[in-house]
Ligand SMILES: Cc1cc2nc3c(=O)[nH]c(=O)nc-3n(C[C@H](O)[C@H](O)[C@H](O)COP(=O)(O)O)c2cc1C
């Protein structure tokens, strides 16, 4: 697949998982793509925990359902109605969760380029996620990013040490195809804005 084709067809996946197990060699390529992402000071501050146990998938899905309720309780009227139709995860259907962690101690005490911007480590971890997501798209594999969770819960669930921050739960699995339109657009939650609305010349607002 051409790079731009992968960029344009990448979709957050919730409903399209076939329930098949991802092939080991494909998974290896996705993780290798993630692991060659750029990182501040070459710190490579990411970790990937592969979760397949049905008990752990169930436990996480239960927690996410609770958090969905917490968010839903903040909505009313049309927003509440629209949100009620939106699926926010495919945890069980994908059969594989990849929990991505950020370890700020990776790379030692003097990470080159991070002295003024602590978040640069977190940015690096997110670059790894995008690499994995694009590689998955090229492989015909779906990825759904789930953020309806409390970090403490997920850290404990997968046994991450205190200093490692869980950044994402990614539902990863084979899909029959990917929709052309993001779910949030399809259900009328929010639409992609035009590029011109975020572009500035020389100075912000210009
Ligand atoms: C940091 C982050 C967190 C997200 N969390 C969720 C989530 O909890 N549940 C969900 O269904 N989608 C989640 N998404 C996916 C977005 O809803 C999706 O990227 C957006 O609607 C655009 O659709 P597309 O990715 O298909 O282009 C998340 C995406 C990002 C980048």
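The values are calculated or read from the model by the stated rules, or taken from the named source; none is laboratory data. Computed from a prediction, not measured in an experiment: that's the story for all the values here. Neighbour counts run over all protein chains shown; Cβ positions are idealised from the backbone, glycine included.
Some observations on this one:
- Test: residue in region 102-120 that is in a strand (DSSP E or B), more than 12 Å from the ligand (Cβ to nearest atom) and either modelled with pLDDT under 95 or buried (at least 21 other Cβ atoms within 10 Å of the Cβ) (or both): yes
- When residues in region 67-101 are screened for being closer than 23 Å to residue 129 by Cα and free of Cβ contacts under 8 Å to residues at least 60 places away in the same chain, 1 of them pass.
- As for region 26-46, it holds no residue that is more than 16 Å from the ligand (Cβ to nearest atom), farther than 28 Å from residue 115 by Cα and outside any helix (DSSP H, G or I).
- Scope region 124-156; condition assigned to a loop (DSSP other than H, G, I, E, B) and either free of Cβ contacts under 8 Å to residues at least 12 places away in the same chain or under 20 Å from residue 92 (Cβ atoms) (or both); matching residues: 147, 148, 149, 150
- Filtering region 157-192 to residues that are within 26 Å of residue 52 (Cβ to Cβ) and part of a loop (DSSP other than H, G, I, E, B) leaves 158, 159, 160, 161, 162, 163, 164, 176, 177, 178, 179.
- Among the residues of region 162-179, those identified as touching a helix residue (DSSP H, G or I) at 6+ places or on another chain (Cβ under 8 Å) and farther than 15 Å from residue 57 by Cα are 162, 164, 165, 166, 167, 178, 179.
- Region 45-66, subset over 15 Å from residue 171 (Cβ atoms) and touching a residue at least 60 places away in the same chain (Cβ under 8 Å), residue farthest from the chain's Cα centre (by Cα): 45
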